[in-house]
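Single-structure report; data block below.
Computed from the coordinates by the stated procedures, all read-outs in this text should not be read as laboratory data. Quick caveat, the model's predicted, so the values are computed rather than measured. For neighbour counting, all protein chains shown are included, and Cβ atoms are generated from backbone atoms with ideal geometry for every residue, glycine included.
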Amino acid sequence: MLLNYSQPLEVSDLLKTFDAFLYEVLPAWAAIVLECLLVGVALLGLFVVLALALIYIERKVTGFFQARLGPNRVGKYGIIQSVADMVKILLKEIIHVNKSDHFLFFAAPFFMLIACMLTFGALPYGKGLQAIDFNIGVFYVMAVSSLSIVGVLLAGWSSNNKYSMIGAMRSGAQFISYELSAGFALMTMVVLSGTMSFSQIIESQAYCWNIFNGHIPALIAFVIYLISGHAETNRGPFDLPEAESELTAGYHTEYSGLQFGFFYLAEYLNMFIVAGIATTVFLGGWMPFQVEGWDGFNQIMNYIPSYAWFFGKTFFLIFLSLWVRWTFPRLRIDQLLTIEWKYLLPINMVNILLMVVVVLAGLTLTDIF
């Protein structure tokens, strides 16, 4: 039995009213076109706001771990610092590299942004706040998010710079390796949920999130996914493709101005996407914390809007990612690949079989209770 979330603070209720209004005053085809345009604008707006917020949050968290203040001059508590940096990077000159492959050099940043946008549209940010709900949502997200590595490889190769090329090859090896573990971890939860649709995965977690419902295999898959997702975003201690002490800036060494800003933007948004997928698949997505039979407690939890639950869980996972980044030293390339191929991947393959046994034996909490 699923819960009834008819709360006045839900954005989906307003969207349904607006949708009905458009179909009343416009032809069906015009209403569809207008809605598609508005969804695109809304995603782009969320795109920019999240990136600016994450840049500010990381600087503040970094300052906390390093016993300093972080941004504190531009605006109260430095809250407008990210906006000032955005304006500065928009005004920066784009330096043209003479011996680069110009077409691929300019195309590479757009592969990064397109991969982010395609993934963004499939994430459920709240009840009814999802641009599109595929019945193979997990498979779709794994496929389109992999397009970003094309942008990295193109950037490194087209720059005609040895540092960029080495960074791109490192990133390719790292991304392809850890993509396997991330995919197996998500497939483990697909086995538990019995569906690849994000909306159905969330609905199945109404009274028990997957991380609890799947027992030890779900917890193992959760930890492996967080490690793999962190490695895929090239964040420390897995930041070998951008190692400043070795490769200047890695695959985007030759980029400047807005082009560099695209890579910078995509890096932070990929961090959000990884945390958002983990929230959806493992932590109930926009579902509140519920206990079956505790009607009073559940009603209190229902007063919190669904989008607040989603973003709260997601930003908690982002905080864990930043904690890891500023705690552990950078790994060597051999250590990075050893962790994946000798440890994470074998554990993942055994773990997915263990999850099959748990599901077939009816040992999940929802089956037991």
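Observations, loosely collected:
- Between VAL223 and ALA308, the modelled labels are 3.3 nm apart [label points 7 Å from Cα along Cα→Cβ].
- Here is what passes the span test in the chain: the DSSP H helices with alpha carbon length of 20 Å or more along the helix axis and a Kyte-Doolittle mean of 1.6 or above are 28-65, 102-120, 345-360.
- For segment 275-341, applying the loop criterion from DSSP together with a ceiling of 11 other beta carbons within 10 Å to the trypsin sites (Lys or Arg not before Pro) yields ARG332.
- Gyration tensor over the Cα atoms of segment 212-369: the corresponding equivalent ellipsoid has semi-axes (square roots of 5 times the eigenvalues, largest first) of 35, 23, 11 Å.
- A cut-off of 5 Å between modelled amide H atoms, ignoring neighbours fewer than 5 places along the same chain, links ASP239 with LEU331.
- Over segment 191-291: Rg over Rh, Cα atoms, Kirkwood Rh: 1.12
- Cα centroid of segment 164-190 to Cα centroid of segment 100-123, whole Å: 18
- Prolate/oblate/rounded call for segment 85-199, Cα gyration tensor, a/c under 1.5 rounded: oblate
- Relative frequency of Cα-Cα separations exceeding 37 Å in the chain, percent: 24
- From the C-alpha gyration tensor of segment 184-228, square roots of 5λ in Å: 17, 12, 8
- Annotation: extensible slack from ALA84 through LEU180 equals 30.7 nm (criterion: 0.36 nm per residue apart, minus Cα-Cα distance).
- Longest DSSP-loop-exposure-free segment, GluC sites (Glu not before Pro), the chain, at most 15 other Cβ within 10 Å: 94-291
- Over the chain, relative contact order from alpha-carbon pairs under 8 Å, at least 6 apart, %: 22
- For segment 287-369: rounded, prolate or oblate by the Cα gyration tensor [a/c cutoff 1.5]: oblate
- In summary, the convex hull built on the alpha carbon positions of segment 1-143 has an orientation-averaged projected area of 15.3 nm².
- Under a Gaussian network description of the chain, with springs only between Cα atoms under 10 Å, the residue in VAL274, VAL74, VAL33 that fluctuates furthest is VAL33.
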